[in-house]
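Some notes on the structure that comes next.
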Amino acid sequence: MDDSTPIPTPDRNDEDFWATVAALVEPAWSEPAEDEAFAMDDQVLDAVRPLAQRISTRAQAYRAEGKPFDPALMAAPDVQLAMLRALYEAKRSVDRMAESAATVAGRSGASYAQLGAAWGGIKRQSARLKWPHAVAKRSASESIPLRYAGGTAVIHHDPDADAWWYTATAADGRDEESEAVHPTYAEAIARATEFLLGGSEPTGPAAP
């Protein structure tokens, strides 16, 4: 995007904030640099290593004996198999989060061509097969279901007010029902997404 079309940056309390949030910015991203991609590798390893150590039978044996798990034990082939299993769980997490992101983007106006471009440049048809419900045909009377951050929401249209509203249940169990005050379905989706993100953190005790 050149200097003649600056991206608006309203503050959270500005009147046009949610209308701006609901408007798709093009291009949506810049390509990550190689060092940024490698940094992501390190972050993924940091995320999955604790799970690998929790599920590793060798690490469990050390814990049962009250012994510390020496980092050198990560070289053991069985521990690396536990790491592989943990990486598989990370891949499943990525797939779930990708479906959520594709659904929010698609229900807010992005096309399958744009979703495919974001997902490594796959074709529009492949994106449609991967996320068949991300971009839905809408009418003014149609409710729009949404899943995000472990929660669910449904976006509704109120014909009397000619406005959109939503009901949502976050991952932590909190419910919210908005007023029919949102002028577009995209703005209602943005507000529902904000609520779901706010309830995505676990409230219970941390796992040992």
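A few comments on the model shown:
- 10 Å Cβ shell holding at most 12 others, DSSP loop, trypsin sites (Lys or Arg not before Pro): longest site-free stretch of the chain: 13-122
- In degrees, nearest ten, helix 185-198 long axis to first principal axis of the chain (Cα): 30
- Restricting region 139-179 to chymotrypsin sites (Phe, Trp or Tyr not before Pro) that sit in a DSSP loop and have at most 15 other Cβ atoms within 10 Å of their own Cβ leaves nothing.
- Shape call, region 1-71: gyration tensor on alpha carbons, a/c limit 1.5: prolate
- Descending principal axes extents, region 46-118, alpha-carbon based, whole Å: 56, 19, 15
- Summary of the geometry: region 136-199 and region 16-58, compared by the centres of their Cα atoms, lie 26 Å apart.
- Accessible surface, per residue, of the chain when the full set of protein chains is kept, probe 1.4 Å, Å²: 65
- Shape call, region 84-150: gyration tensor on alpha carbons, a/c limit 1.5: oblate
- Partners for K130 among aspartates and glutamates (Cα-Cα distance below 20 Å; same-chain residues under 8 apart left out): E89, D95, E99
- Charge dipole (region 1-109, unit charges on Cβ, about Cα centre) - positive-most of P6, Q80, L45: Q80
- Portion, in percent, of the accessible area of the chain that falls on carbon or sulfur, probe 1.4 Å: 56
- MRE, 222 nm, helices only [DSSP H, n ≥ 4, -39500 (n - 2.57), over the chain, to nearest 500]: -14500 deg cm²/dmol
- Largest-first ellipsoid semi-axes for the chain, taking √(5λ) over the Cα gyration tensor eigenvalues, angstrom: 39, 22, 17
- Counting only residues at least eight positions apart within a chain, or on another chain, the aspartates and glutamates with an alpha carbon under 19 Å from that of K67 are D78.
- Between the residues G109, T193, P145, the greatest Cα displacement towards the positive end of the dipole of the chain, with unit charges on the Cβ of Lys, Arg, Asp and Glu, is found for P145.
- Database remark: amide H of G109 closer than 5 angstrom to no amide H (H placed geometrically; neighbours at sequence offset of 5 or more, or on other chains; Pro and chain starts carry no H).
- Global form of region 62-185, assessed from the alpha-carbon gyration tensor, a/c cut-off 1.5: oblate
- Charge dipole of region 1-105 (Cα centre as origin; +1 on each Lys and Arg Cβ, -1 on each Asp and Glu Cβ, all else neutral): 1240 debye, rounded to the nearest 20.
The values are calculated or read from the model by the stated rules, or taken from the named source; none is laboratory data. Because the structure is predicted, anything quoted here is derived from the model rather than measured. We place every Cβ from the backbone using ideal geometry, glycine too, and count neighbours over all the protein chains shown. The area values use the complete protein model at the heavy-atom level, side chains included, leaving out ligands, DNA and RNA. Shrake-Rupley method; radii C 1.70, N 1.55, O 1.52, S 1.80 Å.
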